[in-house]
Amino acid sequence: MTDHDSSTSDYFLRIFHGQAFGNFIFLNILGYTLFKDSIQLIADVCQSIIVLATLMAFYVERAFFTRNRIFQLLCLALVVQSLSWVASRQFVPDYALKYPSVKSMAYLFFFLGLAYWLKGDPRRIVITLLTFCLGVIFTFAYHSSFFSIVETGLDGARVDFNYRNAQHGSLIAGACFLFFVLLLLTSKFRKLSLGNAGILLGILLFGVFSVILQSRQSWLAISASLAILPLLGGGEHWPRRKVVLTYAILLMTMLALYQVSFIRERLLAGFVHQGDVHAILTGNWNEVRDFSIGVRLKTWLEAIQWFLAHPFFGTGYGSQSLVITLSKTLPDYITREFRHLHNSNMETLVCWGVAGFLVLYGTLFSVLRQVLCCPVSSRFIKMLAISFILYWLIINNFESFFYMRSGQWVFSVFMGAIYSTALHWELNRLGKEGHENLRH
C-alpha cells in the first residue's frame, strides 16, 4: 500500500469513527424509528442511509463481524433462503420466483445495524425507545382522527386507528407499554419527579391503547410478560415482600379490568359456540365455528401438511399464500380473503423449513444469551430482553408479524436497543485482545 492510499484510508476511518458521522447516523435512526409506518418516504431515506452505513461497518469491522454469531446467522439466513428458492423450483415450479428473494429474513437482521450505531450508549438506547413510543402515537394520529377514535374506544367499541387492523396497533402499543413498565420497575422511584410522572403517563396512555384496541393475543402476551417480571429482579432489588406485593397488584388490576363489560365480552367472544372448546382439545379443528379462531386453526392444518411435504428448506418466499390458494379443503371465505397464515412459525416452516426456523430462533436466543452473559448489560436491558422476546414469541403465534411492516418496525427497534450494549462490549473486548496480541 502506498503512502497516499494509507493516508486516504486513515482519513476515511477518522470520519467513519468520528463523532459527527455517528451523530448523523443516530439522527437517521430516530427518523426511521419515528416515521417508519407513517411518513414512509422519510423513513425509507433514513433506512437506506443506515443500511449503507452498516454495510461500511461490516467491511471496516470485518475482523470482528466474521466472528460475531448474529452476523454469521445473517449470512446463514441468506444461504437458507437461496436453498429454499432452489427447492421451490423443484417442487412448485409453476409458482416459483424467477430469482431468489432473500429480503424477508434478511430484513429481520436490520436490528444488527441499529445495535452497532447506537454504540451501546444507554442514553441513546432510551432516547430511541422513547422516540419509538412517540412514533406510535404519531402513527395513530397520522392515520385517523385520533381523539375521536380514543373516545369511541373508551365507550367500548373496538377501534384500530385506521392502522391496518387492531392486531397491528396492539402489537406496537403493547411493546411501548412494556417499555414504560420496565422503566418504572428499574428506576429509583423515591419521589414524584417530572421523569417519573412521564413514565406513569406512558404506562397509562399505552395501557389505554392496549385496552381499546381489544386484541386478545396482545393481552395474553402482555400478561405473560408482566407475570415474569418480578421473578427477573432477583437479589436486593426484588425482596420476597416486593415480589408478593407486585403479584398482588397485577392480580387486582386484572380482576378490575375483567369487570369492564367490553373487556369481559371480548375475552369470552371466542367461546360463544358450543362445542368449539371440545373440537379444539380433540384436534377436530375444522369443526371450530368461531371465525377468528377457526380461520387460524384451519389454515394451520393446511400449513402443517405443506411443511410435512417439504420439511427441510420449505418452498421459498410466497409459499404462505400458496398454502391457502392451492388448498382443496379450506372454505371459500378463507381462500378469497386471506393470504397469510396468522402465525410466524407456520410461515417460517412453510417458506424456509426447519433450516429457516432454526436460523430465526437461533438469532433470538443468541441475542438473549449474549445480553444476559454481558457483564455491562444493565438490569433494565436484561429485563427488557427477556420480557420483549417472550412478548414477541407469544404474539407471533397468532399473527405473522415477523414478515409484516409493523412487526419488522418494532422488532428492529427493540432488538437493536437490546443488543447494542452486548455487541459493543464484545467488539471492545476483541479489540483489546487484538491489541494485546500485537504487544506480544
Conditions: (1) closer than 20 Å to D37 by Cβ; (2) in contact with a helix residue (DSSP H, G or I) (Cβ under 9 Å, 6 or more places away or on another chain); (3) of a type outside the set (S, T, Y). N165 meets all but one. Number of the miss?
(2)
One residue is enough: does segment 191-214 have a residue meeting the conditions surrounded by 21 or more Cβ atoms within 10 Å (Cβ to Cβ) and part of a loop (DSSP other than H, G, I, E, B)?
yes
Could you grab me the full set of residues in segment 349-402 that are over 28 Å from S88 (Cβ atoms), out of contact with any Pro (no Cβ under 8 Å at 6 or more places or on another chain) and of a type in the set (S, T, Y)?
S377, S387, Y391
Among helices (runs of 4 or more DSSP H) entirely inside segment 283-394, those with 1 or more residues being within 24 Å of G416 (Cα to Cα) and within 21 Å of the chain's Cα centre (by Cα) are 344-373
If you take the residues of segment 348-377 that are out of contact with any Lys or Arg (no Cβ under 8 Å at 6 or more places or on another chain), surrounded by fewer than 15 Cβ atoms within 10 Å (Cβ to Cβ) and among the hydrophobic types (A, V, I, L, M, F, W, C), which of them is nearest to L83 (Cα to Cα)?
F365
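So that you can scan it fast, the table gives a plain yes or no per residue for (1) at pLDDT 85 or above; (2) of a type in the set (S, T, N, Q):
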residue: F262; (1), (2): yes, no
residue: H273; (1), (2): no, no
residue: Q305; (1), (2): yes, yes
residue: P311; (1), (2): yes, no
residue: S321; (1), (2): yes, yes
residue: K328; (1), (2): yes, no
Just name the residue that is surrounded by the fewest Cβ atoms within 10 Å (Cβ to Cβ) out of those in segment 378-405 that are of a type in the set (S, T, Y) and in contact with a Gly (Cβ under 8 Å, 6 or more places away or on another chain).
S400
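Let's see how each residue does on (1) farther than 25 Å from G207 by Cα; (2) part of a helix (DSSP H, G or I):
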position	(1), (2)
Y99	yes, no
W117	yes, yes
G120	yes, no
I125	no, yes
G135	no, yes
R164	no, no
Q167	no, yes
Can you tell me which of L200, L226 is hydrophobic (A, V, I, L, M, F, W, C) and more than 22 Å from the chain's Cα centre (by Cα)?
L200
Hey, any hits in segment 138-151 for a residue that's under 18 Å from the mean Cα position of the chain (by Cα), surrounded by 16 or more Cβ atoms within 10 Å (Cβ to Cβ) and part of a helix (DSSP H, G or I)?
yes
Look through S406, S378 and report the one residue that is under 29 Å from G135 (Cα atoms) and in contact with a helix residue (DSSP H, G or I) (Cβ under 6 Å, 6 or more places away or on another chain).
S406
All but one of (1) within 15 Å of S412 (Cα to Cα); (2) touching a residue at least 12 places away in the same chain (Cβ under 8 Å) hold for A53, so report the exception by its number.
(1)
Answer from S218, S292, S261 - the residue that is touching a Gly at 6+ places or on another chain (Cβ under 9 Å), of a type in the set (S, T, N, Q), farther than 30 Å from V102 by Cα and touching a residue at least 40 places away in the same chain (Cβ under 8 Å):
S261
Close pairs from segment 10-28: first assigned to a helix (DSSP H, G or I), partner of a type in the set (K, R) and at pLDDT 95 or above, Cβ under 7 Å, at least 6 apart
G22/K119; F26/R124
Sort out which residues of segment 264-289 are over 30 Å from V208 (Cβ atoms) and either among the hydrophobic types (A, V, I, L, M, F, W, C) or touching a residue at least 60 places away in the same chain (Cβ under 8 Å) (or both), and write them in order of number.
V277, A279, I280, L281, W285, V288
Output the number of residues of segment 63-92 satisfying the condition of being within 23 Å of F365 (Cα to Cα), part of a helix (DSSP H, G or I), without any contact (Cβ under 8 Å) to a residue 24 or more places away in the chain and more than 22 Å from the chain's Cα centre (by Cα).
2
Of the residues that sit in segment 75-86 and are out of contact with any Lys or Arg (no Cβ under 9 Å at 6 or more places or on another chain) and buried (at least 20 other Cβ atoms within 10 Å of the Cβ), which one is farthest from S319 (Cα to Cα)?
A77
Restricted to segment 295-324 and to residues being closer than 21 Å to M105 by Cβ and touching a Pro at 6+ places or on another chain (Cβ under 9 Å), the residue surrounded by the fewest Cβ atoms within 10 Å (Cβ to Cβ) is Y317
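The values are calculated or read from the model by the stated rules, or taken from the named source; none is laboratory data. Computed from a predicted structure; not experimentally measured. Note that each Cβ is placed from the backbone with ideal geometry, even for glycine, and that neighbours are counted across all protein chains shown.
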